[in-house]
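J.: This is the structure, below, for whatever I ask next.
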Amino acid sequence: MKLETIARTFTRPRMGRRLAVLTVSLLVIGVCVAVFKTAGFGTDPCSTFTLGVSAHTGISFGTCQLVFNLLMFLPVLRFDLSRIGIGTLANMIGVGYAADFCMWVIGRLTPPGGLSMEVRILLFAASMAAFLIAAAFYIVVDLGVAPYDAIPQLIAAHTEKLSARSIRMLWDISILSMGFLLGSAVGLTTLLTGFCLGPAISFVSGRVKNWFE
């Protein structure tokens, strides 16, 4: 794809509104990842893997997330520039470091005995709702996809043997399994982010897509 394809993502209608929503969405996603970790019911597949790498290397989650995204960014850059936009770059950098900061804040506020089950469930429910809505808005503003999401899309575009849904499922399961082997928690959050994000995107898109036209 030509570089002009990337340039068009920076000149979309309602660009100011798209950038504002993109920024808020990524910050909310970062906060939710930190809360997911605190609640202890698992995280989304990508975060599950990078949290595992962070725990084993001592490198911050944000830096692990950035390096992982950079590695996935290379094939996207090579094979399909149309998937790259300012949202791609913002996701690579913003979510992980926003989560790092929130983990630091939460760590300072958490009592020595830890959180009660009731508080953990409340945090889980609130952060799950916020995560699904923020992730849906991130997709709806259409300023480029995260490298993690672009990889299964690239694979689907170059194979006819499996459906795009099957490829995405296999991709998520593979990354999630590596995270689990690295010691990350896998639980209800993981299942809900996998099964509910698609419907959340459809729900939000149908109601707010005209905000950006």
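The values are calculated or read from the model by the stated rules, or taken from the named source; none is laboratory data. These numbers were taken from a predicted model, which means no experiment stands behind them. Cβ sites come from the backbone with ideal geometry, for glycine too, and all protein chains shown count toward neighbours. Please note that ligands, DNA and RNA were not included when accessible areas were found on the heavy atoms of the full protein model with its side chains. Shrake-Rupley method; radii C 1.70, N 1.55, O 1.52, S 1.80 Å.
J.: Can you tell me which of (1) open to solvent by 60 Å² or more (accessible area, probe 1.4 Å); (2) within 20 Å of G52 (Cα to Cα) is the one D100 doesn't meet?
T.: (1)
J.: Just one of the numbered conditions (1) open to solvent by 10 Å² or more (accessible area, probe 1.4 Å); (2) at pLDDT 90 or above; (3) over 23 Å from R108 (Cβ atoms) is not true of R17; which one?
T.: All conditions pass for R17, except number (2).
J.: Show the residue pairs meeting these rules: Cβ distance below 7 Å; 6+ apart or different chains; first residue within the stretch 111-138 and touching a residue at least 40 places away in the same chain (Cβ under 8 Å); second residue acidic (D, E) and surrounded by fewer than 19 Cβ atoms within 10 Å (Cβ to Cβ).
T.: If the second residue must be acidic (D, E) and surrounded by fewer than 19 Cβ atoms within 10 Å (Cβ to Cβ), no pairs are left.
J.: Would you mention how many residues in the stretch 55-83 are β-branched (V, I, T) and either within 15 Å of the chain's Cα centre (by Cα) or within 18 Å of V33 (Cα to Cα) (or both)?
T.: 3
J.: Report, by residue number, each residue of the stretch 36-74 that is of a type in the set (G, A, S), outside any helix (DSSP H, G or I) and surrounded by fewer than 21 Cβ atoms within 10 Å (Cβ to Cβ).
T.: G40, G58, S60
J.: Another question, if that's okay. Got a sec? Which of L192, L154, L182 is in contact (Cβ under 8 Å) with a residue 24 or more places away in the chain, open to solvent by 20 Å² or more (accessible area, probe 1.4 Å) and over 17 Å from the mean Cα position of the chain (by Cα)?
T.: Just one listed residue meets the conditions, L182.
J.: Scan the stretch 114-123 and tell me whether some residue there is modelled with pLDDT under 90 and either closer than 21 Å to L26 by Cβ or surrounded by 13 or more Cβ atoms within 10 Å (Cβ to Cβ) (or both).
T.: yes
J.: Quick check on the stretch 154-163. Is at least one of its residues within 30 Å of I59 (Cβ to Cβ) and out of contact with any His (no Cβ under 8 Å at 6 or more places or on another chain)?
T.: yes
J.: Okay, next question. Could you go through the stretch 99-118 and let me know if any residue there is over 13 Å from the mean Cα position of the chain (by Cα) and at positive phi.
T.: yes
J.: Does V33 satisfy the condition of being closer than 15 Å to D100 by Cβ, among the β-branched types (V, I, T) and open to solvent by less than 30 Å² (accessible area, probe 1.4 Å)?
T.: yes
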